[in-house]
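**Q** Have a look at the structure that comes next, please.
The values are calculated or read from the model by the stated rules, or taken from the named source; none is laboratory data. Quick caveat, the model's predicted, so the values are computed rather than measured. FYI the Cβ positions are ideal-geometry reconstructions off the backbone, even for glycines, and counts take in every protein chain you see. Side chains are part of the model used for accessible areas, which takes the heavy atoms of the whole protein and leaves out ligands, DNA and RNA. Shrake-Rupley method; radii C 1.70, N 1.55, O 1.52, S 1.80 Å.
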Amino acid sequence: VRPREGAKTDQGGDQGVGERPELNVLLEGGGLDFANEDLAFEEGRGLFLGSPGAILNIPAPGAIPVEIGLTGESIESPTGIAFGPTGDLYVCENAAPGKSVKRVRPSGESGILSDGFEGEPFALPNHMAVHSSGDIYLSSTCDQMIYRISPATGETLEFLPILGPNGIAFDAQE
């Protein structure tokens, strides 16, 4: 991975509002040139990343990225993505209306797993981590909350109130 040609570094420059040069990358051999919030890797399936209006798969180093075919719910504005232990890909959808966590099965079937807590929609679901148990932990910045979502039922519980969470991960010892 190398910086997109013409991207400014943190030493200054004429970046547009909201541009993050460290995320504007050109993947060698892939020819991608867009801002991406997150990526996920699954052994045997390759690298997956969110793209405006799609999820892309790079199945092997140097391969050309391909949009994964979805049936069901479309994905318009993906931010955080993560694989669960069963091979399902979970995606934070930030298109309005309908901010949610979507599940994409290996077959490409996609649907909403959770769209909020106790009838209130998520304000800004942005990153997630999946525990080895399968539970999904979602950081939602504007809700000032980390939620726990059951992959079996979509039940969403408040896990940890915290100011401005932006990203979440488990360590290898979980």
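**Q** Within the range 100-115, track down each residue that is open to solvent by less than 10 Å² (accessible area, probe 1.4 Å), within 17 Å of THR156 (Cα to Cα) and over 13 Å from the mean Cα position of the chain (by Cα).
**A** Within the range 100-115, just SER114 meets the criteria.
**Q** Of all residues in the range 131-144, which are over 16 Å from GLU37 (Cβ atoms) and of a type in the set (A, V, I, L, M, F, W, C)? Show your work before the answer.
**A** Let us first name the residues in the range 131-144 that are over 16 Å from GLU37 (Cβ atoms), namely 131-137, 143-144.
Scanning the range 131-144 gives a single hit, ILE136.
**Q** Can you name every residue in the range 117-174 that is of a type in the set (A, V, I, L, M) and open to solvent by 60 Å² or more (accessible area, probe 1.4 Å)? Talk me through it step by step, then tell me what you get.
**A** Step one: filter the range 117-174 for residues of a type in the set (A, V, I, L, M), giving 123-124, 128-130, 136, 138, 145-146, 149, 152, 157, 160, 162-163, 168-169, 172.
Passing the criteria: ALA152, LEU157, LEU160, ILE162, LEU163, ALA169, ALA172.
**Q** Looking at (1) more than 14 Å from GLU93 (Cα to Cα); (2) in a loop (DSSP other than H, G, I, E, B); (3) more than 14 Å from the chain's Cα centre (by Cα), which is the one condition that is false for ASN166?
**A** (3)
Okay, residues lined up against (1) open to solvent by 20 Å² or more (accessible area, probe 1.4 Å); (2) part of a strand (DSSP E or B); (3) of a type outside the set (Val, Ile, Thr):
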site: LEU49; (1), (2), (3): no, yes, yes
site: ILE55; (1), (2), (3): no, yes, no
site: SER74; (1), (2), (3): yes, no, yes
site: ILE81; (1), (2), (3): no, yes, no
site: GLY98; (1), (2), (3): yes, no, yes
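**Q** So which residues in the range 83-96 are open to solvent by less than 50 Å² (accessible area, probe 1.4 Å) and among the hydrophobic types (A, V, I, L, M, F, W, C), if there are any at all? Explain how you work it out, then say what you get.
**A** To start, the set of residues in the range 83-96 that are open to solvent by less than 50 Å² (accessible area, probe 1.4 Å) comprises 83-84, 87-95.
Of everything in the range 83-96, those that are open to solvent by less than 50 Å² (accessible area, probe 1.4 Å) and among the hydrophobic types (A, V, I, L, M, F, W, C) turn out to be PHE83, LEU89, VAL91, CYS92, ALA95.
**Q** Exactly one of (1) modelled with pLDDT of 90 or more; (2) under 15 Å from the mean Cα position of the chain (by Cα) is unmet by LEU70. Its number?
**A** Going through (1) modelled with pLDDT of 90 or more; (2) under 15 Å from the mean Cα position of the chain (by Cα) one by one, LEU70 breaks only (2).
**Q** Consider PRO65 against the criteria (1) at pLDDT 95 or above; (2) over 19 Å from THR156 (Cβ atoms); (3) surrounded by 15 or more Cβ atoms within 10 Å (Cβ to Cβ): it satisfies all of them except one. Which criterion is unmet?
**A** (1)
**Q** While we're here: Being of a type in the set (A, V, I, L, M) and either out of contact with any Ser or Thr (no Cβ under 7 Å at 6 or more places or on another chain) or part of a strand (DSSP E or B) (or both) is the filter here, so list the residues in the range 100-131 that pass it.
**A** Kept after step one, since they are of a type in the set (A, V, I, L, M), are these residues of the range 100-131: 101, 104, 112-113, 123-124, 128-130.
Within the range 100-131, VAL101, VAL104, ILE112, LEU113, MET128, ALA129, VAL130 qualify.
**Q** For the range 132-163, name all the residues that are farther than 11 Å from SER114 by Cβ, among the acidic types (Asp, Glu) and not in a strand (DSSP E or B). Can you show your working first?
**A** Residues of the range 132-163 farther than 11 Å from SER114 by Cβ: 132-135, 137, 139, 141-146, 152, 158-163.
Okay, now just the ones that are also among the acidic types (Asp, Glu), so 135, 143, 158.
Hits for the range 132-163 are ASP135, ASP143.
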